Amino acid sequence: MRIRLKNKGKNFLYFVNKNAIKETTEKYMAGWKVCIDKNNNNDCEENVEPFNLTNNSWYYEFNWLPKWLYKIIEIPHQNWNITSPTSMYYDINLWIWQEVGNRNFGNRKIKGK
């Protein structure tokens, strides 16, 4: 059996202001790394763990994953902090032919950087 984690246009990265809520005036961000953290060390080893970069539409996705419990992390750019989720990752338990969406990462630029 194969499982598909697909965003359906709902997984994305975005810049947030102090309120940590995505607003219409805030920009989306492309080229950010999102990774399946297989060894739970909160780092993305590119030669060991699957990852994707957000595309020009600012979405990320992982397709045709086997049934499993996955930890999805984002690697923020230098001088940026993750603001959401508060755990800084998503645990996703995939079942047969399941699609999962709304796993969004928010980021804030560090002041003075």
* Asked: Restricting the first residue to the range 52-65 and requiring it to be closer than 17 Å to Asp37 by Cβ and free of Cβ contacts under 8 Å to residues at least 24 places away in the same chain, which pairs with a second residue that is of a type outside the set (A, V, I, L, M, F, W, C) and crowded, with 18+ Cβ neighbours inside 10 Å meet a Cβ separation below 6 Å and a spacing of at least six or different chains?
  -> Asn52/Tyr60
* Asked: Is there a residue being surrounded by fewer than 16 Cβ atoms within 10 Å (Cβ to Cβ), assigned to a loop (DSSP other than H, G, I, E, B), among the aliphatic types (A, V, I, L, M) and at pLDDT 90 or above anywhere in the range 15-34?
  -> no
* Structure fact -> Arg108 meets each of (1) part of a strand (DSSP E or B); (2) at pLDDT 85 or above; (3) more than 14 Å from the chain's Cα centre (by Cα) with one exception, condition (2)
* To do: Return yes or no: is Ile82 closer than 27 Å to Gly112 by Cα and in a strand (DSSP E or B)?
  => yes
* To do: Filter the range 54-74 down to residues that are exposed (fewer than 14 other Cβ atoms within 10 Å of the Cβ) and of a type in the set (A, V, I, L, M, F, W, C) and give me whichever is modelled with the lowest pLDDT.
  => Trp64
* Asked: Would a scan of the range 36-56 turn up a residue that is within 10 Å of the chain's Cα centre (by Cα), part of a loop (DSSP other than H, G, I, E, B) and among the acidic types (Asp, Glu)?
  -> no
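The values are calculated or read from the model by the stated rules, or taken from the named source; none is laboratory data. For clarity, every value in this text was computed on a predicted model and none was experimentally measured. No Cβ is skipped: glycine too gets one built from the backbone with ideal geometry, and neighbour counts run over all protein chains shown.
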